[in-house]
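Report on the structure given below.
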Amino acid sequence: MVNYFSTRGGGGPVSASEAILKGLADDGGLFFPDHIPTLTKSLKELSGMSYQEVAYEVMQPFLSDYTEEELKGCIKNAYDSKFDTEAIAPLAYADGAYYLELFHGATIAFKDMALSILPHLMITAARKNHIKNDIVILTATSGDTGKAALAGFADVKGTKIIVFYPKNGVSPIQEKQMVTQKGDNTFVVGIHGNFDDAQNGVKKIFGDRELGKLMDDNGYQFSSANSINIGRLVPQIVYYVYAYAQLLKEGKIADSEPVNVVVPTGNFGNILAAYFAKNMGLPIAKLICASNENKVLFDFFRTGVYDRNRDFVLTSSPSMDILISSNLERLIYLIAGSDAEKNRELMMQLSTSGKYEITPEMQEKLHDFYGGYATEEETAKTIASLYENCGYVIDPHTAVASCVYRKYKEQTKDETKTIIASTASPYKFTRSVMSAIDKGFDGLEDFALADKLSALSGVKIPEAIEGIRTAPVLHDTVCEKDQMADVVKKYLGI
Ligand SMILES: *Cc1c(COP(=O)(O)O)cnc(C)c1O
């Protein structure tokens with residue numbers, strides 16, 4: 001049985017389903033399991049299983065208050081024909097690394113891996129906990145979460161979803177994907193501010209007790225689909241285990257052979273899932289954390305100082321344009337020796353002065369991690385060279401990881417086989433991708449670029465892009481960053 005506590009010590013223990021419903025703990029901390037369970041099946045056994053079967057084996061110990069029937073039902077509803085390949089998360093080999101393609105879901109980015117199952121986990125949790133209120137999902141997005149959450153929750157009975165995104169901080173395709181979202185329980189709002197403003201605004205609304213009371217009086221309660229929700233983290237562990245099992249099955253690695261994992265990182269959710277996989281017993285050697293020019297995490301791993309006081313850079317990998325990596329709090333809690341008091345102190349420093357420094361003992365515990373970053377120029381060059389050498393086209397987020405991996409290998413001479421998390425389809429960032437390959441494409445409009453990309457990569461344009469070519473805009477609300485709560489109230493009619 002796994003129960004969950006807040007990383008800041010307040011409240012708990014709560015069951016997995018309660019943690020999924022709440023999203024964030026009452027004291028502002030994140031839910032953390034009382035222990036990290038080990039894999040229940042050998043890697044050899046797992047290598048004979050489908051994605052759905054591996055998902056059950058990996059998730060079940062974390063979600064121990066869900067019955068077998070409930071969890072299997074959630075998995076079946078999530079990982080179905082919404083994905084364009086039966087493998088769900090296939091591996092592609094290019095230029096000395098395995099690219100774990102996490103973009104075969106409905107919105108062609110890795111957020112689909114968790115957000116296609118979260119609504120089912122949440123509805124099941126509501127039923128289990130006798131919740132009568134409608135669940136209102138409130139989400140801040142740097143681009144990909146928003147659309148994946150909208151797609152996951154659209155028309156799910158008993159839920160409403162409100163998404164805030166930085167009006168000028170997402171790609172045109174990302175924006176078009178969101179503002180064309182159907183479903184009469186969906187609401188999309190642009191804010192004048194950056195992603196951190198959107199995320200802070202959402203956190204503030206969650207912490208607003210008065211509003212919480214007003215919601216409850218009107219038959220609503222908030223929950224979060226952001227990557228801080230344990231219901232996002234747990235499904236993300238699955239594909240690391242699955243990828244390893246596939247490499248084993250295909251004879252690409254020997255039994256128990258360690259592999260490195262490289263993750264293009266923003267909010268620290270994806271790489272934290274890989275760390276959980278390692279702690280469950282998956283033979284991962286190094287966890288390579290790749291940042292873009294917003295390199296707070298690179299600096300943190302190098303110096304032990306987390307410092308968000310710096311200019312926010314808009315890059316070609318907008319889903320990683322983040323200065324406060326929320327999920328890092330879980331790692332801080334862990335390396336503080338599960339000391340909630342110590343963690344809380346550091347998080348308070350982060351909120352008051354924008355920085356904190358960990359102790360040398362804590363830093364010692366980070367030796368499994370390696371931080372690196374790629375500049376905009378390096379990222380574009382990586383896209384071009386991978387295409388020229390292998391004919392394989394990657395998106396700018398994946399390119400950041402690929403570049404950091406190349407630099408890591410040059411620096412360390414580490415020849416350990418390596419999995420790179422490929423977090424978005426190049427079709428989601430066609431303009432940056434095509435410009436990196438040949439500046440001559442710069443004059444073309446978005447959909448013409450998609451046609452060119454298809455011709456050049458031999459990969460068919462995904463339905464997620466085809467579908468929005470002609471779709472009407474259904475959402476056009478824009479607000480100031482301090483008006484977010486008012487917008488929510490207005491939408492809910494309270
Ligand atoms: C969200 C996202 C990331 C960052 O993942 P985190 O879990 O926030 O670190 C990287 N790439 C893409 C394409 C994303 O959508």
Going down the list K44/K252; K157/K428; K167/K204, which pairs span over 24 Å between their C-alpha atoms?
K157/K428
With a 10 Å radius around each residue's Cβ, average the other Cβ atoms per peptide and rank 196-207, 44-55, highest first.
196-207, 44-55
For Cα pairs less than 8 Å apart in space and 6+ apart in sequence, what is the mean separation divided by the residue count of segment 122-223, i.e. the relative contact order in percent?
33 percent
Averaging 1/r across every pair of distinct alpha carbons in segment 276-393 and inverting yields a Kirkwood hydrodynamic radius, in angstrom, of 15.9 Å
For the chain, what is the convex hull volume of its Cα atoms per residue in Å³?
134 Å³
Once each part is reduced to its C-alpha centroid, what is the distance from segment 292-306 to segment 225-239 in angstrom?
23 Å
Normalised by the residues of the chain, what does the relative contact order come to in percent, with Cα pairs under 8 Å and at least six apart?
18 percent
Under 19 Å between C-alpha atoms, the lysine pairs in segment 320-422 lying 8 or more places apart or on different chains count 6
Per-residue accessible area for D27 at 1.4 Å probe radius, Å² rounded to 10?
50 Å²
Shape verdict for segment 366-494, please, from the Cα gyration tensor: rounded (a/c under 1.5), prolate (a/b greater than b/c) or oblate.
oblate
Heavy atoms only, probe 1.4 Å: what % of the accessible area of segment 271-378 goes to carbon and sulfur, would you let me know?
48 percent
Kindly flag which residue pairs out of K160/K295; K72/K490; K22/K176 have an alpha-carbon separation exceeding 32 Å in this structure.
K160/K295; K72/K490
Which of the three applies to segment 43-196, rounded, prolate or oblate, going by the alpha-carbon gyration tensor with a ≥ b ≥ c and a/c under 1.5 meaning rounded?
oblate
Got a sec? What order do D486, D307 fall in by accessible area at 1.4 Å, biggest, i.e. largest, first?
D486, D307
Using Cα pairs under 8 angstrom and six or more residues apart, how large is the relative contact order of segment 362-442, in percent?
33 percent
How big is the accessible area of V259 in square angstrom, nearest 10, if you roll a 1.4 angstrom probe over the protein chains?
0 Å²
Might you tell me the accessible area per residue for the chain, computed with a 1.4 Å probe and given in Å²?
38 Å²
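Once you charge only the Cβ atoms, +1 for Lys and Arg and -1 for Asp and Glu, what is the size of the charge dipole of the chain about its Cα centre, to the nearest 20 debye?
It comes to approximately 240 debye.
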If you average 1/r over every pair of different alpha-carbon atoms in segment 91-136 and take one over that average, what Kirkwood value in Å do you get?
13.0 Å
Straight-line reach from K249: which aspartates and glutamates have a Cα under 18 Å away, not including same-chain ones fewer than 8 places off?
E45, E53, E57, E86, E101, E257
Separation of segment 123-153 and segment 12-65 by C-alpha centroid, Å?
18 Å
Classify segment 1-94 from the C-alpha gyration tensor, please: rounded if a/c falls under 1.5, else prolate or oblate depending on whether a/b exceeds b/c.
prolate
At a 1.4 Å probe radius, carbon and sulfur cover how many percent of the accessible area of segment 29-79?
49 percent
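Return the carbon/sulfur percentage of the accessible area of segment 427-492, one whole number, probe 1.4 Å, all protein chains in place.
It is 51 percent, rounded to a whole number.
The values are calculated or read from the model by the stated rules, or taken from the named source; none is laboratory data. These numbers come from a predicted model, not from an experiment. Positions of Cβ are generated from backbone atoms using ideal geometry, with glycine treated the same way; all protein chains shown enter the neighbour counts. The area values use the complete protein model at the heavy-atom level, side chains included, leaving out ligands, DNA and RNA. Shrake-Rupley method; radii C 1.70, N 1.55, O 1.52, S 1.80 Å.
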